[in-house]
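See structure below.
The values are calculated or read from the model by the stated rules, or taken from the named source; none is laboratory data. This one's a predicted model, so the numbers in the text were calculated from it and none came from an experiment. Don't worry about glycine lacking a Cβ; one is built from the backbone with ideal geometry, like all the others, and counts go over all protein chains shown. Note: areas computed on protein heavy atoms with side chains; ligands, DNA, RNA excluded. Shrake-Rupley method; radii C 1.70, N 1.55, O 1.52, S 1.80 Å.
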Amino acid sequence: MTEGSRWIRFGELDEVRRAGRLARWVDNQEVLAFFQHDKLVVMSNVCLHKGGPLNEGQWDGSTVTCPWHGWRYEVATGKCLGKARCSLPAIAHKVEEGIIHVCLGPVQ
């Protein structure tokens, strides 16, 4: 792991593959991991509007819709559709020996 960065274990890669998407609390933040076109994506699980749980929303493969008020996000980029300058923060991640690690702070 990168020295100086705070990498935290999220879970097993196979667990995300089996579940399709997996949300967990990591260091007081809700983190969501899923696969899109065989690529692991890790982002905040919290809608920017009112904090709705995105993992419980509707998925169509390229977007997720918040179950509370219908805000839609591109899953590949985190960009909020229809809202200028609004994006979910991407979360740095890496996989080592089948374990997903996330970095919630600056990556050094």
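Structure notes:
- The criterion of at least 3 residues that are on the phi < 0 side of the Ramachandran plot and of a type outside the set (Ser, Thr, Tyr) is met, among strands (runs of 3 or more DSSP E) falling completely within the stretch 24-83, by 29-36, 39-44.
- Figure legend. Inter-residue proximity from the stretch 13-32: first residues over 16 Å from Ile91 (Cα atoms), second residues assigned to a loop (DSSP other than H, G, I, E, B), beta-carbon distance below 8 Å, spacing 6+ or different chains. Indicated pairs: Asp14/Gly98.
- Residues considered: Leu48, Leu81, Leu54, Leu88. Of these, the only one that is open to solvent by less than 60 Å² (accessible area, probe 1.4 Å) and either basic (Lys, Arg) or touching a residue at least 40 places away in the same chain (Cβ under 8 Å) (or both) is Leu88.
- Of all residues in the stretch 88-98, none satisfies being in contact with a Cys (Cβ under 7 Å, 6 or more places away or on another chain) and farther than 22 Å from Arg17 by Cα.
Residues checked against (1) touching a helix residue (DSSP H, G or I) at 6+ places or on another chain (Cβ under 6 Å); (2) closer than 17 Å to Ile99 by Cα:
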| site | (1), (2) |
| --- | --- |
| Arg6 | no, yes |
| Leu13 | no, yes |
| Arg21 | yes, yes |
| Pro53 | no, no |
| Thr65 | no, no |
| Gly70 | no, no |
| Val75 | no, no |
| Cys80 | no, no |
| Ala84 | no, no |
